[in-house]
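What follows is a set of notes on a single structure, which appears directly below.
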Amino acid sequence: MNVASLSPADDDEMRVLELVKTGRQRIRTELSKAIVGQSEAVEQLLLSLFAGGHCLITGAPGLAKTLLVKSIAQVFHLKFQRIQFTPDLMPTDITGTEILEQTESGKREVVFVKGPIFANVLLADEINRTPPKTQSALLEAMQEHQVTAAGTRYVLDEPFFVLATQNPIEMEGTYPLPEAQLDRFMFNVVIDYLPEDEEVAVVSRTTSGASEPIQALFTGQDIQQIHALVRKVPVAEDVVRFAVRLAAASRPKQPHTPDFINDWVSWGAGLRAAQYLILGGKARALLSGRANVTWEDIRVLARPVLRHRILINYRAEAAGQTVENIITRLLETVKDHDSGSVTR
């Protein structure tokens with residue numbers, strides 16, 4: 001079944017559906033003007049954008065994380081803001097603050113000055129470098145798409161995405177995100193070093209003339225309509241059950257939990273993991289030109305969805321096990337075609 005079998009309700013949805021069908025390659029072409037390689041990371045960021053989810057981006061310094069996010073914002077013609085998180089950053093530095101301002105008539109009044117969170121795409125750079133009080137300033141915005149300042153509610157512009165980066169190398173002086181906040185992120189996207197040929201291409205390009213400007217292909221309204229289209233993509237109950245079983249199998253001390261999970265995992269994935277597996281699968285199907293979600297979509301998205309939701313214990317570390325290894329074993333263990341049993 002292909003994407004043409006979807007039944008958009010009006011002309012606007014039909015236009016956006018056609019835009020998605022014809023724009024897949026154009027998006028990659030535009031991004032290639034600034035980004036070399038990193039195809040897997042690019043795809044996962046695009047899927048989160050199409051599904052309306054937030055992303056955590058993990059990678060060493062100098063791997064073009066900021067450039068990638070900024071380039072995606074340009075392709076979709078979205079307002080982009082970047083916040084460099086530091087230990088002395090205050091919540092009001094993100095959300096905004098009230099100031100006393102004198103009007104032309106000479107009258108003084110309190111005015112709310114909006115912070116950088118009032119954007120479509122917010123890059124929270126090195127989010128684990130600021131204390132929990134400031135990290136928590138993002139929680140209301142991520143979940144409710146609003147901020148509250150001095151008792152007043154301010155609604156954020158739509159669409160709204162938080163893309164937060166973490167540096168996995170320098171952990172001294174950092175404040176790891178609590179599990180409740182990690183769970184708000186749809187994907188944990190890992191950006192690694194480039195192969196030699198691609199790194200040569202980057203060095204050659206960045207040390208020559210100015211790069212070609214990126215052309216906007218979508219608008220914010222298009223993205224909101226894509227969100228609605230993504231949720232209309234059909235998914236079979238068997239595929240939903242596979243996503244649910246995969247998330248449930250990562251939880252220790254449950255009836256059908258594999259033995260290696262009980263041995264190595266302190267905390268597993270919650271309900272949001274299964275929701276994001278299905279929602280991401282729908283976005284992947286739409287972006288791939290299909291009108292139905294497959295088991296393969298769920299398997300491909302298992303790593304970015306689960307890697308920040310599984311907490312391993314000291315026994316796993318002593319045995320040399322990583323979260324990536326455990327997800328691999330989960331995918332080998334949980335079946336996608338039976339009634340729910342797993343192989344221990």
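Just so it is clear, none of the values below were taken in a lab; they were calculated from the coordinates. Predicted model, so just to flag it, every value in this text is computed and none were measured. Cβ coordinates were reconstructed from backbone atoms using ideal geometry, including for glycine residues, and neighbour counts include every protein chain displayed.
Which whole-number value in Å³ per residue fits the convex hull of the alpha carbons of segment 1-232?
Details: hull volume 41.9 nm³, N = 232.
Enclosed volume per residue, from the Cα hull, is 181 Å³.
Counting Lys and Arg as +1 and Asp and Glu as -1, each charge on the Cβ, what is the dipole of segment 233-335 about the Cα centre in debye, to the nearest 20?
The dipole of segment 233-335 has a size of about 240 debye.
Using the Karplus equation 6.51 cos²θ - 1.76 cosθ + 1.60 (θ = phi - 60°), what ³J(HN,Hα) coupling, rounded to whole Hz, does each residue of segment 184-192 give in order, writing x for Gly and Pro?
6, 8, 5, 10, 10, 8, 9, 10, 10
Find the lysine pairs in the chain meeting two conditions, Cα atoms under 23 Å apart and a separation of 8 or more places or different chains, and report how many there are.
Close lysine pairs under the 23 Å cut-off: 14.
Whole-Hz Karplus ³J(HN,Hα) for segment 103-116, in order, using 6.51 cos²θ - 1.76 cosθ + 1.60 and θ = phi - 60°, x for Gly and Pro?
Going residue by residue, I get 7, 5, 7, x, 7, 9, 8, 7, 10, 8, 9, 5, x, x Hz, with x marking Gly and Pro.
Cα-based Rg (one decimal) and Dmax (whole number) for segment 65-192, in Å?
Values for segment 65-192 (Cα only, Rg and Dmax): 16.0, 57 Å.
Please state, as a whole number in µm²/s, the translational diffusion coefficient that the Stokes-Einstein equation yields for segment 233-335 at 4 °C and 1.567 mPa s, with Rh defined as the Kirkwood radius across alpha carbon pairs. Provide the component values of the computation, followed by the final result.
Working: Rh = 13.8 Å.
Using the Kirkwood radius from Cα pairs, D works out to 94 µm²/s.
Could you pull out every residue, at least 5 positions away or on a different chain, whose amide H is within less than 5 Å of the one on residue 190? Hs are placed 1.01 Å off N in the peptide plane, and Pro or chain starts have none.
Amide H to amide H, under 5 Å and 5 or more residues apart or across chains, residue 190 pairs with 58.
So how do 252-259, 155-162 stack up, highest first, on mean other-Cβ count within 10 Å?
Numbers: 252-259: 13.1, 155-162: 17.8.
Per-residue Cβ counts within 10 Å, averaged per peptide and sorted highest first, yield 155-162, 252-259.
Go through 108-114, 244-250 and give me the packing order, highest mean Cβ count within 10 Å leading. It would help to have the intermediate numbers written out before the result.
Working: 108-114: 11.1, 244-250: 22.6.
Averaged packing, sorted descending, gives the order 244-250, 108-114.
By per-residue mean of other Cβ atoms within 10 Å, what is the highest-first order of 85-91, 101-107? Spell out each step's value before the answer.
Numbers: 85-91: 14.9, 101-107: 7.6.
So the peptides 85-91, 101-107, ranked by packing, come out 85-91, 101-107.
Among 276, 154, 314, which comes first, then next, by fewest other beta-carbon atoms within 10 Å?
Details: 276 26, 154 16, 314 9.
Least crowded to most crowded, the residues run 314, 154, 276.
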